[in-house]
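Since the structure comes first, as C-alpha cells, the remarks are kept for the end.
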Amino acid sequence: MAEKVHLVSLGCPKNLVDSEIMLGRLSEEGIEFASDVGEAECIIVNTCAFIEPATMESIETILKLAHLKVHGRCKRLIVTGCLPQRYGNEIVSTLPEVDIFLGTGAFDQIVSAVNGRLEGTCYIPRPDQAEIELSGVPRICTTPSYFAYLKIAEGCSNRCTYCIIPRLRGSYRSRPIRDVVEEASKLAGMGVRELILVAQDTTAYGSDLNGRYTLADLLMELARIPELIWIRVLYGHPDRITDELLESFISQDKICRYFDIPVQHASRSILRRMGRSYGPNRIKDLFIRIRERVPDAVLRTTFLVGFPGETEEDFKQLLDMIEEVRFDHLGAFAYSHASDLPSGSLNDSVPEAVKQDRLDRIMSCQSVLSKERNQRYVGEVLKVVVEGYAEETELLLQGRAWFQAPEIDGVVYINKGNANVGDWVDVLITEAFEYDLLGEIL
C-alpha cells in the first residue's frame, strides 16, 4: 500500500472534477496525500488528450514525474483519463515507466490501483458502461474555497468531425436534477459561493432523461440555494439557447448573464465540414437575440482556425463576424490534425505557419475589441470576489467580477483598500485594459 499519494490534474475543469472525485475516494479509504510531489510514494497523473498540444503536455508531464521513480521516493506511477482512453494498449509500450493506466471509464478503480490490488497494466472499459458519478460519491475540492465546478452531465452525443470526446467519454448522460441540487447544496454548505456548471454541452442537459432541454429548470432550482452568490454556466451550444433558458438568466440575479457559447467558425462551408448543424446567419441571429433579451449579457466564444479547407476568404468571414458581434471574451485555437478523427481524412490541410498567422490575427483583433468593451465599466461599481495578491506584485490585490470566469478571462486588479481571499467587495473601476480592469475598494 502506498503511504502517500500526489495527484497532478491536467486539462479542463471537467477533468478537474474527475481528479477531485478520485481524491475523495482515496481519502475515504484512509490514504494520505503529499502536497510535495517529491514526498509521494505514488503519483497519479490525470491526463488530457483532446488535441495534440494537450497530449504532448500529458506525455511530457508523465516522463518528468517518472524520473522520481529512479531519483525520488515514487514507487508507483498511475496514469488516468483521456490519454489512455484515446490510445489504448498502444500507450503501454510507449510509456513503460507507467505502472497502471486507467481510462475515463475506470476512475472507480483508483483505490485498487493505488493499493496494488489490480492485476495487469491497462484498464480501459467503454466509457458508456461507466456509471455517472452522483452526489453521494466523495469529493475533495481543490479550487479555492469560495468556488467550485459542478459537472452536470458526462459525454457528448454530437458528432463534430474534429472532436474526440464522444469516443473518450461516451454518449451524453445527464445527472438527475435532484442529484445535482443535492451536491450543489453540499458545496454551498462547505463555503462555496460561486458555482460553475460544466459538461461537454451544458445546454443539452436533460435531453437524454426526458426528451427536452431542462438546464433552465436546473438553474431555477440552484438559484434557491441561499448561500450561493453567483451561478455560472460554461460550454453552451448555439442550437440550444432557448427562450426559456434566457428567461432563467433574466429572472434570477444569482445567475451570471455570462454566455459561453463556442461557435468554432463563421464560414458556412467550414462549419459544414466540421459537422456543425448551423450556419453563420443563425449564429449572428442568436447573439442579436441574446443581447436584445438580456441587455447586459456578456458573450464569450471559441474559434478554431486552420481547419482543413479553410481559405483566406473563409478566414475573412471569421474576422468579419468578430468585428460585427464584438464578443466580450474570445478564445481561439489552431486546428490539430489527428488521423483517428473524421477530419483527419479531409483534404486541403492548412500549413502550420498560416494557422499561426491567422491565430495571431484573430487575437490581435480581439484585443482591440476587448479593450473597447471593457471601457464601459470605468466609473462603475462592481461586486468582486478577492482571490489574493496579483501574480505580478503583492502591491495589488486581484479578483474577478461576475463577467470573468476563472482561468480563462481577465481579472480586476485592486490598488486601494484591503480584503481577504474569498471576500466579496464593492470595487470602483478606474481604468480598463485589453483584458483586465483596475479599481479600488469602496
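I need the full set of residues from the stretch 39-69 which are assigned to a helix (DSSP H, G or I), within 18 Å of ASN15 (Cβ to Cβ) and without any contact (Cβ under 8 Å) to a residue 60 or more places away in the chain, in order please. Steps first, please.
Residues of the stretch 39-69 that are assigned to a helix (DSSP H, G or I), as a first pass: 39, 52-66, 68-69.
Okay, now just the ones that are also within 18 Å of ASN15 (Cβ to Cβ), so 52-62, 65.
Residues satisfying the conditions are ALA54, THR55, MET56, GLU57, SER58, ILE59, GLU60, THR61, ILE62, LEU65.
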Report summary line: Those residues of the stretch 329-356 which are part of a helix (DSSP H, G or I), hydroxyl-bearing (Ser, Thr, Tyr) and within 30 Å of LEU299 (Cβ to Cβ) amount to SER343
Query raised in the report: Between residues in the stretch 421-437 that are among the aliphatic types (A, V, I, L, M) and residues that are surrounded by fewer than 16 Cβ atoms within 10 Å (Cβ to Cβ) and not in a strand (DSSP E or B), which pairs lie under 6 Å by C-beta distance while being six or more apart or on different chains?
Result: LEU428/LEU442; ILE429/VAL378; ILE429/GLU380; ALA432/GLN375; ALA432/VAL378
Query raised in the report: Does HIS237 qualify as being more than 25 Å from SER174 (Cβ to Cβ), touching a residue at least 12 places away in the same chain (Cβ under 8 Å) and in contact with a helix residue (DSSP H, G or I) (Cβ under 9 Å, 6 or more places away or on another chain)?
Result: no
Query raised in the report: Scanning the stretch 1-19 for residues that are more than 23 Å from ILE59 (Cβ to Cβ) and of a type in the set (D, E, K, R), which turns out surrounded by the fewest Cβ atoms within 10 Å (Cβ to Cβ)?
Result: GLU3
**Report entry** Filter result (out of contact with any Lys or Arg (no Cβ under 7 Å at 6 or more places or on another chain), of a type in the set (Gly, Ala, Ser) and buried (at least 22 other Cβ atoms within 10 Å of the Cβ)) within the stretch 147-169
**Finding:** ALA148
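In this structure, is PHE403 within 22 Å of CYS256 (Cβ to Cβ), surrounded by fewer than 20 Cβ atoms within 10 Å (Cβ to Cβ) and among the aromatic types (Phe, Trp, Tyr)?
Details: within 22 Å of CYS256 (Cβ to Cβ): yes; surrounded by fewer than 20 Cβ atoms within 10 Å (Cβ to Cβ): no; among the aromatic types (Phe, Trp, Tyr): yes.
Judged against the criteria, PHE403 is not a match.
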Query raised in the report: Of the residues that sit in the stretch 406-421 and are surrounded by fewer than 19 Cβ atoms within 10 Å (Cβ to Cβ) and not in a loop (DSSP other than H, G, I, E, B), which one is modelled with the highest pLDDT?
Result: ASN415
Query raised in the report: ALA188: under 23 Å from SER248 (Cβ atoms), in contact with a helix residue (DSSP H, G or I) (Cβ under 7 Å, 6 or more places away or on another chain), in contact (Cβ under 8 Å) with a residue 40 or more places away in the chain and buried (at least 18 other Cβ atoms within 10 Å of the Cβ), yes or no?
Result: no
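Can we say LEU369 is over 30 Å from TYR146 (Cα atoms), surrounded by 17 or more Cβ atoms within 10 Å (Cβ to Cβ) and among the hydrophobic types (A, V, I, L, M, F, W, C)? Give the derivation first.
On the way: over 30 Å from TYR146 (Cα atoms): yes; surrounded by 17 or more Cβ atoms within 10 Å (Cβ to Cβ): yes; among the hydrophobic types (A, V, I, L, M, F, W, C): yes.
Taking the combined requirement at face value, the residue satisfies it.
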Query raised in the report: Among all residue pairs at least 6 apart or on different chains, which show Cβ distances below 6 Å where the first residue, located in the stretch 122-144, is in contact (Cβ under 8 Å) with a residue 60 or more places away in the chain and the second is exposed (fewer than 14 other Cβ atoms within 10 Å of the Cβ)?
Result: PRO138/GLU28
Requested in this report: Taking TYR172 as the residue in question, decide whether it is within 18 Å of the chain's Cα centre (by Cα), closer than 30 Å to LEU346 by Cα, free of Cβ contacts under 8 Å to residues at least 60 places away in the same chain and assigned by TED's automatic domain parsing to the domain that holds GLY236.
Outcome: yes
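The values are calculated or read from the model by the stated rules, or taken from the named source; none is laboratory data. What you are looking at is a predicted structure, and each value in this text was computed from that prediction instead of being measured. With ideal geometry, Cβ positions are generated from the backbone for all residues, glycine too; neighbour counts draw on all protein chains shown.
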